[in-house]
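The values are calculated or read from the model by the stated rules, or taken from the named source; none is laboratory data. All figures in this text were calculated on a predicted structure; none of them were measured in a lab. We place every Cβ from the backbone using ideal geometry, glycine too, and count neighbours over all the protein chains shown.
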Amino acid sequence: MARQVIFFICVVLAIAGLVHASDPDILFDYIVPPNVTVLDRNFFTYTKIQGFFVGSNLTDPKSMLASMAEFPALNGQSVSLSFLRLGPGGVSAPHTRPHATGLFFVLSGRFGVGFVDSTNKLYTQTLETGDMFIFPKGLVHYQYNPDDKEPAVAVAAFGSASASSVSIPGSLFDTNIEDVVLAKSFKTDVTTIRKLKAGLGNKI
């Protein structure tokens with residue numbers, strides 16, 4: 001009997017952990033923002049991703065996100081999408097997604113991907129068209145197009161309606177962290193830090 005009780009407690013804790021690992025559950029079918037006065041099929045439709053697949057140069061680097069901010073119908077639904085296109089040799093700089101695990105699917109081309117876990121172990125992989133890779137929630141990760149001739153395109157699905165990202169270069173070098181703090185953190189000097197900031201410019 002004691003074993004059954006312990007087992008039951010473990011199951012309850014495991015389920016509770018899974019629930020807290022995603023967006024909070026809602027008590028309604030969907031959430032309608034206060035500014036929406038007419039609720040029809042258009043509220044549940046998002047067409048702006050079409051812009052990702054049209055244009056004069058489909059090899060240009062580009063990313064588009066369909067999260068709660070862009071598509072309000074996702075509020076409370078614990079899902080969102082992102083599309084990424086990298087030109088030859090292009091890179092999506094190291095970043096994190098604090099609220100969401102990402103399931104990355106390659107639509108065309110090749111991607112070099114990687115993430116670093118909480119023990120500072122790096123996991124890398126080269127993905128071909130049709131391959132998938134998972135980026136665990138909150139961990140630093142990146143994507144890179146190793147091909148020097150062809151673009152690479154992928155879509156990522158997230159287990160959160162708020163899949164905002166935090167750029168590592170941006171959060172370090174494009175904010176007001178004091179140069180001396182960065183210099184000591186990277187075991188270098190202030191001059192080097194300022195050169196890095198100048199080199200990054202608006203490329204972060």
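Are there strands (runs of 3 or more DSSP E) fully within the stretch 123-165 with at least 2 residues that are hydroxyl-bearing (Ser, Thr, Tyr), in the same structural domain as Phe83 (by TED's automatic domain parsing) and farther than 13 Å from Ser63 by Cα? List them. Spell out how you get there, then give the answer.
Working: elements: 132-135, 140-144, 152-158.
Fully inside the stretch 123-165 and qualifying: 140-144.
Restricting the first member to the stretch 109-137 and to residues that are without any contact (Cβ under 8 Å) to a residue 12 or more places away in the chain, and the second to residues that are in a loop (DSSP other than H, G, I, E, B), the beta-carbon pairs closer than 9 Å and six or more apart or on different chains are Tyr123/Asp117. Taking first residues from the stretch 78-94 that are outside the structural domain of Val153 (by TED's automatic domain parsing) and partners that are not polar (S, T, N, Q), no Cβ contact under 6 Å between residues at least 6 apart in sequence or on separate chains turns up. For the stretch 141-152, state whether one or more residues are within 13 Å of Val106 (Cβ to Cβ) and of a type in the set (A, V, I, L, M, F, W, C). Yes, the stretch 141-152 contains at least one residue that is within 13 Å of Val106 (Cβ to Cβ) and of a type in the set (A, V, I, L, M, F, W, C). Within the stretch 41-91, the set of residues being crowded, with 16+ Cβ neighbours inside 10 Å and of a type in the set (A, V, I, L, M) comprises Ile49, Met64, Leu65, Ala66, Met68, Ala73, Leu74, Val79, Leu81, Leu84, Leu86.
Within this structure, Ser162 passes the test of being of a type in the set (Gly, Ala, Ser), under 16 Å from Met64 (Cα atoms) and in contact with a helix residue (DSSP H, G or I) (Cβ under 9 Å, 6 or more places away or on another chain).
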